[in-house]
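Every number in this text was worked out from the coordinates using simple rules, so none of it is lab data. Note that the coordinates shown come from a computational prediction; the quantities given were computed from them, not determined experimentally. Reconstructed Cβ throughout: ideal geometry from the backbone, glycine too, with neighbour counts over all protein chains shown.
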Amino acid sequence: MSNYHIKHLEEYFKVYRKSVREPENFWEEIAEEHFVWRKKWDKVLDWDFSKPAVKWFEGAKLNITENCIDRHLTTKGDKTAILFEPNDPNEKAEHISYNQLHERVNKFANVLKEQGVKKGDRVCIYVPMIPELAIATLACARIGAIHSVVFAGFSSKALATRINDSDCKLVITSDGSYRGKKTIDLKGIVDEALENCDCVESVLVVKRINSDIYLKEGRDKWLQPLLDNASAVCKAEIMDAEDPLFILYTSGSTGTPKGMVHTTAGYMVYTAYTFKNAFQYRDDDVYWCTADIGWITGHSYIVYGPLANGATTVMFEGVPSYPSFGRFWEIVEKHKVNQFYTAPTAIRALSKHGGELVEKYDLSSLKVLGSVGEPINEEAWHWYNDNIGKKKSPIVDTWWQTETGGMMITPIPYVTPTKPTYATLPFIGVQPALMDENGNELKGNQVEGRLCIKYPWPSMARTIWGNHQRYKETYFSAFDNMYFTGDGALRDEVGYYRITGRVDDVIIVSGHNLGTAPIEDAINEHPAIAESAIVGFPHDIKGSALYGYITLKDAGEYRNHDNLKKEINQLITDRIGPIAKLDKIQFSDGLPKTRSGKIMRRILRKIASNELDNLGDTSTLLNPEVVQSIIDKRL
Ligand code: PRX
């Protein structure tokens, strides 16, 4: 009997035990019974964390789009696969059935082939949240090209870095995008990026805002005429289980963004299985995840996980505040959404700016509420539970990462009793460990440490594109034979996990991972700036916001500080994107440093958070005197 759909707590424990005691048998059964394969695997799992090398379902042959689309056509051809809700509430929503999705993906795949894209080639997708974004990813998967979706809020520099890092041959973009009342000139950003990308041979442009754009002769083409002429039949490329499916960049605490590589079979099996259980998805449900497909949440839980289950998945183009802060609830009412998945930062903004708007809408369709991307604070949890779920819909606080591909610690709704701010129990097959700083595992309950995973799970990233050594150093070197997440966590008296936050120099702002080093590098390009240090501080809506401590070169001292602040944020916007702008900027005479010259961020973090009582020992610093002057001038 399959354990695909877990319905009771005892069943969870039973299945969990099996997944840990006999992982290979367990995953083999799930894979065998719930997916279509062109050829079954020779071996379920082969792994060695010291290399690190992990292979799931080795020898198997498949195409993920046959699992996400083709196999549903006989039973669900007319069912809505993607339900597109445009930015403007007056524009009609679009229901794309599985039959239509099949046709559109096949046509798009044929267009890609005509442009010379072949199996293994990289395709960059820089498209807003319109159906073509999902269709483009699936079209790549159809022909075995590796997609690299870049969030369409990144700047041209950030886009260029990502295109070059994985040598993308083709870029898919749009003439522009809508964001609330604004339009954004995406094609202009791509043009700027491509000035520095020699690898790109062609650009396909989706028409969305009907703007007058420049098309570079021989390189850029409107997509629609090509689609109109394309055949609706495209044979799926048969892929190996371990062939890369996509690359998705995530910020590290240092260096360039890391292109996390996800492969085909394990990713498919795990995202589908987690989707089914963590949302208790049933056949006629309408599921909505508010994330952007530019992030892993969108890859796994707007596109692949839901479609592999034959679900109806909502794609929303707009923002939660347009035309009012009631927009999310209006959409829930309009499409009778059953599962709603969002980020704590959105919950906080909606509770603060539009709490009274909730009452206007009928939210009775909701059965499950999800949260992802950062720790959810107690207040936000209760507001979500009381006002949106009306205390009837369980909240699944799902902890996971770009690197993990799928949810790792999460309640299963109506199965796992929830507890505010706790991600609760590991998902089936996930073996977490809490480690102390000396590398010892903290056994038992009521302990707090660094969160690691002891055993492979099917959707883990296999490498960093072009830099396996960095993959090993970042994730497999802190602790022997374990994947290190970069997060801290505690385990309570019953074994529930609570994620306490990052233990490295990654700061999560509005649910977006930001490494401090790239931001500092951008700031340090300013000719008047000598040095900078970025830390996070608590923020009502964003969870954390960025606080920059900046020292000026002599000449900079004579500059107008307000203008300098604007220039700093402009530099950050140009180099990374507006999401990385600083909320507070303090100019200081120096930065506290250890005797070896390292900036003591711990102290700066405490000052930014106004925790002045407990600064720790500052006497060993190279320059203890700067601490008081920084405190005196804090913002
Ligand atoms: O710190 C954790 C936090 O987000 C990080 C991963 O970010 P990213 O790769 O962008 O993926 C976000 C979407 C999966 C984690 O290392 N994080 C994510 N979910 C939670 C969380 N922190 C606390 N609770 C969560 N539910």
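Points to keep in mind about this one:
- Extension gain, Gln628 back to Tyr414 (0.36 nm per residue minus Cα-Cα distance, nm): 71.8 nm
- If both residues of a DSSP beta bridge must be in the chain, then about 60% of such bridges are antiparallel.
- Using alpha carbons only, the radius of gyration of region 533-592 set against its Kirkwood radius gives Rg/Rh = 0.99.
- Its residues counted as N, region 304-411 yields a C-alpha radius of gyration over 2.2 N^0.38 Å of 1.05.
- Per-residue packing, averaged as other Cβ atoms within 10 Å, sorts the ranges 572-582, 271-281 into the order 271-281, 572-582, beginning with the highest.
- Fully extending the segment from Lys454 to Asp521 would add 20.7 nm, taking 0.36 nm per residue of separation and subtracting the current Cα-Cα distance.
- With N as its number of residues, the chain has a Cα radius of gyration that, divided by 2.2 N^0.38 Å, comes to 0.95.
- Placing dummy labels 7 Å off each Cα toward the beta-carbon, the span from Lys43 to Lys235 is 3.0 nm.
- Less than 5 angstrom separates the built amide H of Leu442 from those of Leu434, Met435, Asp436, all sequence-distant by 5 or more or on a different chain.
- For the chain, cysteines whose Cβ has no other cysteine Cβ within reach (under 4.7 Å): Cys68, Cys140, Cys197, Cys199, Cys234, Cys289, Cys452
- One compactness figure for region 506-632 is 1.02, namely its Cα radius of gyration divided by 2.2 N^0.38 Å.
- Charging the Cβ of each Asp and Glu at -1 and of each Lys and Arg at +1, and nothing else, the dipole of the chain about its Cα centre rounds to 520 debye.
- Helical contribution to [θ] at 222 nm, DSSP H n ≥ 4, -39,500 (n - 2.57), averaged over the chain, rounded to 500: -8500 deg cm²/dmol
- Tally of Lys pairs whose C-alpha atoms are under 23 Å apart, taken over region 506-632, 8 or more apart or cross-chain: 22
- Counting only Cβ charges, +1 for Lys and Arg and -1 for Asp and Glu, the dipole size of region 553-635 around its Cα centre is about 320 debye.
- Sorted ascending by nearby beta carbons within 10 Å, beginning with the fewest, Lys55, Lys593 become Lys593, Lys55.
- Spatially proximal aspartates and glutamates relative to Lys118 (Cα-Cα < 12 Å; intrachain offsets below 8 disregarded): Glu237
- GluC sites (Glu not before Pro) within region 492-592: DSSP coil, no more than 14 neighbouring Cβ in 10 Å: Glu493, Glu525
- Among the listed pairs Lys7/Lys51; Lys76/Lys391; Lys43/Lys76; Lys107/Lys221; Lys258/Lys454; Lys169/Lys221, those beyond 26 Å (Cα-Cα): Lys7/Lys51; Lys76/Lys391; Lys43/Lys76
- Each of Trp295, Trp222 has some number of other Cβ atoms within 10 Å of its Cβ, and from fewest to most they run Trp222, Trp295.
- The base-10 log of I(q)/I(0) for region 172-309, evaluated at q = 0.17, 0.18, 0.20, 0.21 Å⁻¹, reads -1.29, -1.33, -1.32, -1.31 [Debye formula, identical scatterers on Cα atoms, solvent excluded].
- Viscosity 0.890 mPa s, temperature 25 °C, Stokes-Einstein D of region 573-618 from Kirkwood C-alpha radius, µm²/s: 193
- Put in order of Cβ neighbour count within 10 Å, fewest first, the listed residues His299, His8, His561 become His8, His561, His299.
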